[in-house]
Amino acid sequence: MFLQLKDSGDIVKILDFQELIDPNTNIIHGQDQLGEEEQEPDTYKKQNLVFPSGESLPRCWLDANYRHPQLSSSSQQR
């Protein structure tokens, strides 16, 4: 699966899909897709990634308490 960095627009190949969908994990491992050569794996914060279409990642991938708004980290940030 490929995602895009919000700030630079660079494309990142996700190396572990389970890591991506786990709401208790804030950092994932991926490879920047620059040039023709395979890049070294790196870590990325999920909050800095979007789908290549520009759509945000699903809240259930980012927030373990998404079903409980009073506990949700996203509701505390508002």
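The values are calculated or read from the model by the stated rules, or taken from the named source; none is laboratory data. Here the structure is a predicted model, which is why all the values come from computation and not from measurement. Please note: Cβ atoms are built from the backbone with ideal geometry, for glycine as well, and neighbour counts cover all protein chains shown.
One line per residue, one yes/no per condition, for (1) more than 20 Å from residue 62 (Cβ to Cβ); (2) among the hydrophobic types (A, V, I, L, M, F, W, C); (3) surrounded by 15 or more Cβ atoms within 10 Å (Cβ to Cβ):
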| site | (1), (2), (3) |
| --- | --- |
| 18 | no, no, no |
| 30 | no, no, yes |
| 34 | yes, yes, no |
| 47 | no, no, no |
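Considered as a group, the residues in segment 49-72 that are modelled with pLDDT under 95 and of a type in the set (S, T, N, Q) include one that is surrounded by the fewest Cβ atoms within 10 Å (Cβ to Cβ), and that residue is 70.
Remark: pairs (first residue in segment 38-56, more than 14 Å from residue 19 (Cα to Cα); second residue of a type in the set (Gly, Ala, Ser); Cβ separation under 6 Å; 6+ apart in sequence or on different chains) = 50/56. Evaluating residue 23 against the criteria (1) surrounded by 15 or more Cβ atoms within 10 Å (Cβ to Cβ); (2) of a type outside the set (Val, Ile, Thr); (3) out of contact with any Phe, Trp or Tyr (no Cβ under 9 Å at 6 or more places or on another chain) leaves one unmet condition, (3).
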